[in-house]
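Structure record follows, encoded as structure tokens.
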Amino acid sequence: MKDGESFRSWHQTDMETIEAYLARKHREIGLLNDCLKLPRRLACPRSVDEVIEAKFQLAAALRGEHELRDWSATETAWSTSACPTSSLFTFSYDYQRADLSVSGPPFYELKLGCTSEAIYTASGMAAISALLLASAPVLAGGEVLVLPGAYGETLELIERLVPNLRLVTLGLPLSDAFARAGVPRILLLDSCASAGAFEAVLRCDGSALDLLVFDTTCFAGRSGRIRCVLRWAQRCKIPVVMVRSHNKLDSLGAEYRRLGSAVFVGWREQGAAAGGSMVARLVRIPATRSGSWAARRCRRTSPPYVGSEAYWALTKGRVAAILRNGRHAARLFAREFASLSAELHFAHGLYVTHRARRPLDEAGARQAAQTMSHDQREGIFHPPRRQLRVRFRCDRVVSRRVHGSVQRPGRGPGFADGAVE
């Protein structure tokens with residue numbers, strides 16, 4: 001590759017121009033700004049750095065306003081002067097928030113024929129950890145089935161938090177992986193699975209599964225992938241819990257605070273059958289209602305700018321830009337770095353992974369990440385300066401071969417959404 005020629009040709013296909021990118025970011029910043037009690041006068045940003053700075057500042061201002069408004073809201077709810085709302089989120093609780101009830105805007109488009117209940121948490125990992133704790137007594141001695149490449153922190157959580165649930169990593173092809181096994185079985189379907197593994201699940205008969213835990217974090221809330229999984233689960237009559245971190249794709253790239261959720265989905269045709277009662281039992285378990293879900297912090301973590309039509313339009317445009325850039329990046333890496341490519345086709349389409357030229361241990365991976373970060377700051381890592389942000393995942397060492405991931409949300413024309421996004 002000479003003088004960044006391939007990067008330039010990648011850029012010149014149907015990528016978003018820098019002008020269009022900054023105009024889109026200006027609209028996102030405007031939505032955040034409009035949530036302030038006294039909105040500021042903001043000029044259109046002229047660079048990605050200005051976009052990031054503006055979003056950080058507005059998120060901090062929104063948090064400050066929230067604290068000033070709700071300073072009298074205590075753990076014992078002694079004051080009625082506090083405002084238990086945050087835009088479309090409403091909160092109701094009594095002593096120490098053990099009975100906290102949160103009502104918020106829907107992040108999914110659920111079709112008729114299902115019942116659902118959402119429980120909000122302080123983060124995505126809080127949602128899945130409390131779900132696992134709630135499932136452990138209900139499905140004692142059961143198995144948690146996961147696809148290759150599932151999110152490492154979730155696997156570590158299962159191993160350490162619920163040792164009475166056995167972790168089983170499935171191999172491809174799946175064939176009869178979901179057949180009855182004489183013990184309760186939970187399928188953990190992760191949105192960061194490869195496209196091939198993800199699609200293989202939807203071709204299987206899952207009717208013997210007791211529960212589907214679907215981590216939707218890497219899919220847009222209104223993604224067709226989510227609808228496909230729900231149709232499959234309904235056809236197989238599997239109860240579903242969708243867990244999600246809203247800090248990734250639902251926050252417009254503003255680091256307001258962390259927010260997670262678990263949405264319990266049952267099928268009306270099941271009625272009081274085992275699947276329907278499974279969802280009801282999990283929702284009723286105290287762990288899903290109180291401290292284990294970190295629900296006490298939800299009132300402070302709910303972003304005030306989500307849920308409106310303007311929000312959905314901007315989120316749709318942002319995710320579309322990320323996915324468009326992703327397709328181009330996958331083609332580029334397949335052409336230029338085929339020998340170093342690890343996975344170019346994830347189900348979510350948000351990033352690709354590549355291998356180091358030589359096996360690295362964790363210390364070596366950290367050093368490589370530090371070197372790449374320094375090179376990027378100096379503008380020497382990529383031929384056209386700062387066109388791609390490389391996020392080297394030092395925490396993921398697989399068979400002593402470290403995977404890096406090229407994050408396609410990014411900078412420059414169509415380079416969607418900066419380091420904080």
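Using the eigenvalues of the Cα gyration tensor, what equivalent ellipsoid semi-axes result for segment 147-210 when each is taken as the square root of five times the eigenvalue, whole Å, largest first? Before the final figure, lay out each step's value.
Working: eigenvalues 74, 55, 14 Å².
Three semi-axes, in Å: 19, 17, 8.
Can you list residues from other chains, or at least 5 along the same chain, whose modelled amide H is less than 5 Å from the amide H of THR115?
GLY266, TRP267, ARG268
Convex hull over the alpha-carbon atoms of segment 227-272: what's its volume per residue in Å³? Show your work: numbers first, answer last.
Values: hull volume 3.7 nm³, N = 46.
So the per-residue Cα hull volume is 80 Å³.
Highest first, please rank the peptides 158-168, 211-221, 226-236, 317-327 by the mean number of other Cβ atoms sitting within 10 Å of their residues. Don't skip to the end; give the middle numbers.
Working: 158-168: 15.2, 211-221: 23.2, 226-236: 18.3, 317-327: 19.8.
The peptides rank, most packed first, as 211-221, 317-327, 226-236, 158-168.
For ARG41 and ARG358, FRET efficiency with R0 = 45 Å and r from the beta-carbon atoms, rounded to 0.05? The partial results should precede the final answer.
Working: r = 53 Å, r/R0 = 1.18.
For R0 = 45 Å, the calculated efficiency reads 0.25.
Among residues other than ILE128 whose Cβ falls under 11 Å from its Cβ, what is the net charge (Lys/Arg +1, Asp/Glu -1)?
On the way: positive: ARG244; negative: GLU153, ASP190, ASP215.
It works out to a net charge of -2.
Which of the three applies to segment 130-245, rounded, prolate or oblate, going by the alpha-carbon gyration tensor with a ≥ b ≥ c and a/c under 1.5 meaning rounded?
Working: a/c = 1.42, a/b = 1.20, b/c = 1.18.
It is rounded, given that a/c, with a ≥ b ≥ c, falls under 1.5.
Based on the mean of other beta carbon atoms within 10 Å per residue, what is the order of 241-249, 147-155, most packed first?
On the way: 241-249: 24.8, 147-155: 18.6.
Taking the mean over residues of other Cβ atoms within 10 Å, the ranking is 241-249, 147-155.
For labels at ARG222 and LEU155 in the simple 7 Å Cα→Cβ model, what's the distance in nm?
3.5 nm
Can you order the peptides 38-47, 21-30 by their average number of other Cβ atoms within 10 Å per residue, highest first? Intermediate values should be presented prior to the final figure.
Values: 38-47: 11.4, 21-30: 19.2.
In descending order of packing, they fall as 21-30, 38-47.
Using a basic spin-label model with each label point 7 Å from the Cα along Cα→Cβ, how many nm lie between ARG203 and GLU336?
3.3 nm
Quick one: order CYS35, CYS192 from most to least accessible surface, probe 1.4 Å.
The ordering from most to least exposed comes out as CYS35, CYS192.
In sequence order, what are the phi-derived ³J(HN,Hα) couplings for segment 30-45 according to the Karplus relation 6.51 cos²θ - 1.76 cosθ + 1.60 with θ = phi - 60°, rounded to whole Hz, with x for glycine and proline?
Once rounded to whole Hz, the list reads x, 5, 4, 4, 5, 7, 6, 4, 10, x, 8, 8, 10, 7, 5, x.
Which entries in the list LYS237/LYS316; LYS111/LYS248; LYS55/LYS111 go over 27 Å, if you measure between the two C-alpha atoms of each? Working shown, then result.
On the way: LYS237/LYS316 30 Å; LYS111/LYS248 24 Å; LYS55/LYS111 34 Å.
Violating the 27 Å Cα-Cα cut-off are LYS237/LYS316; LYS55/LYS111.
The values are calculated or read from the model by the stated rules, or taken from the named source; none is laboratory data. Bear in mind the structure is a predicted one, so any value in this text is a computation, not a measurement. Please note: Cβ atoms are built from the backbone with ideal geometry, for glycine as well, and neighbour counts cover all protein chains shown. Note: areas computed on protein heavy atoms with side chains; ligands, DNA, RNA excluded. Shrake-Rupley method; radii C 1.70, N 1.55, O 1.52, S 1.80 Å.
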